[in-house]
Structures are given as structure tokens and as C-alpha cells.
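Participant: Dumping the structure here so I can ask a few things about it.
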Amino acid sequence: MLKIKLYNQIAKVGTDMLSAEKYQMGTEVQGEDAIMVRSASLHDIPFSKNLRAIARCGAGVNNIPVDKCTKEGIVVFNTPGANANAVKELAIATLILASRDVLGGIEWAKTLAGQTNVAKLVETGKSAFVGHELAGKTLGVVGLGAIGGMVANAAISLGMKVIGYDPYITAKAAWNLAPSVVQAFDYAEIFKTCDYITLHVPATPQTKNMICEKSIAQMKDGVRIINLARAELVNAEDIKKALKDKKVATYVTDFPTDETVGVEGIIATPHLGASTVESEDHCAIMAAQQLDEFLSCGNIRNSVNFPSVNLPRSGFPRVCIMNENIPNMLAQITSVFSAKNINIEHMANASKGETAYTILETNVAVSEELIKSLSAIQGVLRAWAL
């Protein structure tokens, strides 16, 4: 029986997809073959020597030591797109919150409790909370993946002009964009032309502090910035200075930090992007499906550190090999089979950056000796039989 350790509360609709006859699951499981996790940090968690896969119920994997996992031949899955609608809806809500002082108005209205003629007081005091409409304004969408694309399309429906930029946009993402979404040439075009800017990119060394003193200086006076992606994308000190100088009218972040909480001009939501019942269900279902497919068949889908490989199961014994993406690896792997006079019936192979992955089906039962021979090849990270 395979063991899956659960971190955080994983939606039952997802765990129910993993058969109790095949999997033992729980937060107290030891010697786990796989992990399902939401936001809990795994950076300081000792891994079981049996661990082969981690499924993150969400898109970001900052809470997982991906480099360590890669070196140890542990595939890391995420669930891109499963929470996209939830984040899109919050993005629309925050665009409105950034434009109109709804929150301030609500707090002021509370102070009227116990007074008389409240309706008259409301009509007198509401002028302090006059805001701006979204229609006719220009929104810059940085990152046009599953979430950014949905935000761009929704903003078009609200009457906004939308300019998007994504140097890594996929053909599928481009096809899903509304025709009226204008694609910018670079980030600078977004910064210089937009009244609102919303960020939908992962936190990487390249995107860290992408919103900083230099980029803010290129922006329109009174720009409003939405960050539902990661705190690291925005330099906290630079955004606070820009708010004080009125260069930035409002900064909305879904990632409050010591530096940004309670600051005038900053609206901080407590990481609510994917916090809907539907989103948690969708993520758990996708994570469970990917784990089951990998543990049962070796197929990889939506991994951040290994390539996607799919070989339909045909009943033959199966061998899976993870290795560094260096020359002559496939030849060395197949030569092990040749040397043992084992025929390869079916094979699928792909590479992704510094890693590669191969699934082979043979005409004989896979021996422990074969796995040892494959594991002994320099550059092989892990090999196992299914």
C-alpha cells in the first residue's frame, strides 16, 4: 500500500479520489511515498527516503524546496488554472477597492450607530468617499497565464482598455485572450501607459522587486497597483515612498508583511486569492489525479521540475527513470536493457531544462538487478519499476 502524507486541510473531494484500498493517507503517516500540501512550508521538513512526489494544491511552489527535490528525484506537481477563477474574481474586487474608498466608507458608516437621522448624515458625509470608475481606464496585466488571461478578459467586459505583457505566453493562453486585449512589447510599455497595473507572475530571481523605485518612476502619477501574485514582486520600501509622494494612489496586496500592514494607501487582504470552497476543491481534485497517475503509471503532468511525459498503459512491465539532462543519457539507459537482452516494447521520453524523464515498457518482469544497473548510471537521479 502506498502512503500519502497530508499537510494542511486538503479538501475531502480530492482525497476521496484516492482509493483507500490502494493508499494510506493522513497527517501522521510515516515513510510516505507522496505528499499533498497547500501552503505549509516543507523547507525544513525531513523527507522520507521513499518520497517520490509532492503535489501542491495551488499554483505557487515557494513553500517547497524544489531544487532539493530535483536532486533527489522527487517530482513536484502544482495545479495551474485550478484556482484561476477564484483569483480572477478577487482581482476584480480589488480593482474596485483600489478605485473607490468602499472600505473607508464602511468603517465611517459604523460610527453612525446610535445616532439619529442616519440617512441624512449619510447623504452629507458620503462626499468624503468619492472614487473613480473603471470604465474607460487602462489596465496593464503583467503575466497572461491562466489567471492573468481571465483578469484581462473580465476587465474588457467592465469597459476597461487592457494591455498585457508576458514574454513566456503560450499559444493556448494567447488563443484564450479577448481580441481587444493589446499585447505590449515590454514591461516598460505597461508601466508608462496604464492607470492600473495588476501582477500575475511567479516569484523568481528575475521578477523579484520588479515593482521598485525605477519601474515606479516610469508610471503615471496616481497609478493603482494590484498584487495578488507574491509579496516579493514589489519592493516594500519603494512602494511606501511612492504612496507618500502620491506617485501611487493605492497599492493592493494579498500578501501582508511586517513592512506593509497598516500603512496608509495599502489595502492588504490575508492571502484570499484561492480561498474559496470551489477553488480548494478544484485544486485538491487536480492534485489527487496527478498523484494517482504518477504513482500508478509513472505519467507526469503539470510538474514544475520534470517534463510532462505520458505513455498509455498497455499491460507490459514498466520502468521509470529520472535523470540529468546531459548528452548520451538515453543511449546509456537503453544499452542496459540491450546488455541484459531485454526488449523495449514502448518508450516515452522528454526533457525540461536540467532534467529528463523516461518511461519504458519491457517484455519481461523487471528485476531488482535491472533497477540497480540503471541507478548506477552517472546522472540518473532515480529509477524504479511499476
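The values are calculated or read from the model by the stated rules, or taken from the named source; none is laboratory data. Predicted model only: the values in this text are computed from it and were never measured. FYI the Cβ positions are ideal-geometry reconstructions off the backbone, even for glycines, and counts take in every protein chain you see. Note: accessible area is taken over every heavy atom of the protein model, side chains too, but ligands, DNA and RNA are not part of it. Shrake-Rupley method; radii C 1.70, N 1.55, O 1.52, S 1.80 Å.
Participant: Just to be sure before I move on: is GLN332 farther than 28 Å from CYS57 by Cα, open to solvent by 30 Å² or more (accessible area, probe 1.4 Å), part of a helix (DSSP H, G or I) and in contact (Cβ under 8 Å) with a residue 40 or more places away in the chain in the structure I sent?
Facilitator: Spelling it out, GLN332 is indeed farther than 28 Å from CYS57 by Cα, open to solvent by 30 Å² or more (accessible area, probe 1.4 Å), part of a helix (DSSP H, G or I) and in contact (Cβ under 8 Å) with a residue 40 or more places away in the chain.
Participant: Could I ask something else about it? Using beta carbons and a limit of 6 Å, which pairs, at least six apart or on different chains, have the first residue in segment 369-386 and touching a residue at least 24 places away in the same chain (Cβ under 8 Å) and the second one open to solvent by 20 Å² or more (accessible area, probe 1.4 Å) and of a type in the set (S, T, N, Q)?
Facilitator: ILE377/GLN332; ALA383/SER375
Participant: Quick one: count up the residues across segment 348-368 that are free of Cβ contacts under 8 Å to residues at least 24 places away in the same chain and not polar (S, T, N, Q).
Facilitator: Residues in segment 348-368 being free of Cβ contacts under 8 Å to residues at least 24 places away in the same chain and not polar (S, T, N, Q): 1 in total.
Participant: Given the structure, is GLN24 outside any loop (DSSP other than H, G, I, E, B), over 23 Å from ILE321 (Cβ atoms) and open to solvent by 70 Å² or more (accessible area, probe 1.4 Å)?
Facilitator: Judged against the criteria, GLN24 is a match.
Participant: Shifting gears a bit: Quick one: count up the residues across segment 173-194 that are among the charged types (D, E, K, R) and closer than 12 Å to ASN153 by Cβ.
Facilitator: The qualifying residues number 0.
Participant: Only one residue in ASP166, ASP101 is open to solvent by 20 Å² or more (accessible area, probe 1.4 Å), within 29 Å of THR207 (Cα to Cα) and not hydroxyl-bearing (Ser, Thr, Tyr). Which one?
Facilitator: Working: ASP101 fails: within 29 Å of THR207 (Cα to Cα).
Checking each option against the conditions leaves just ASP166.
Participant: ILE45: at pLDDT 95 or above and surrounded by fewer than 19 Cβ atoms within 10 Å (Cβ to Cβ), yes or no?
Facilitator: So ILE45 does not fit the description; no.
Participant: Can LYS12 be described as open to solvent by 70 Å² or more (accessible area, probe 1.4 Å), touching a helix residue (DSSP H, G or I) at 6+ places or on another chain (Cβ under 9 Å) and basic (Lys, Arg)?
Facilitator: The answer is yes for LYS12.
Participant: Picking from GLY140, GLY149, which residue would you name as being assigned to a helix (DSSP H, G or I), in contact (Cβ under 8 Å) with a residue 12 or more places away in the chain and open to solvent by less than 40 Å² (accessible area, probe 1.4 Å)?
Facilitator: Answer to the selection: GLY149.
Participant: To continue, here is another question. Do the conditions hold for PRO312, that is, is it closer than 30 Å to THR334 by Cα, open to solvent by less than 40 Å² (accessible area, probe 1.4 Å) and in a loop (DSSP other than H, G, I, E, B)?
Facilitator: Considered against the rule, which asks whether it is closer than 30 Å to THR334 by Cα, open to solvent by less than 40 Å² (accessible area, probe 1.4 Å) and in a loop (DSSP other than H, G, I, E, B), PRO312 comes out as no.
Participant: Then there is this: Count, please, the residues in segment 271-305 that happen to be open to solvent by 10 Å² or more (accessible area, probe 1.4 Å), among the hydrophobic types (A, V, I, L, M, F, W, C) and in contact with a Ser or Thr (Cβ under 8 Å, 6 or more places away or on another chain).
Facilitator: Matching residues across segment 271-305 total 1.
Participant: Restricting to segment 1-39, count the residues that are under 16 Å from THR79 (Cα atoms) and small (Gly, Ala, Ser).
Facilitator: 4
Participant: When you scan segment 257-276, do you find a residue that is closer than 16 Å to LYS208 by Cα and not acidic (Asp, Glu), even just one?
Facilitator: Within segment 257-276, one or more residues are closer than 16 Å to LYS208 by Cα and not acidic (Asp, Glu).
Participant: Determine which single condition GLN30 fails, assuming it passes every other condition in (1) within 19 Å of ILE285 (Cβ to Cβ); (2) surrounded by fewer than 12 Cβ atoms within 10 Å (Cβ to Cβ); (3) of a type in the set (S, T, N, Q).
Facilitator: (1)
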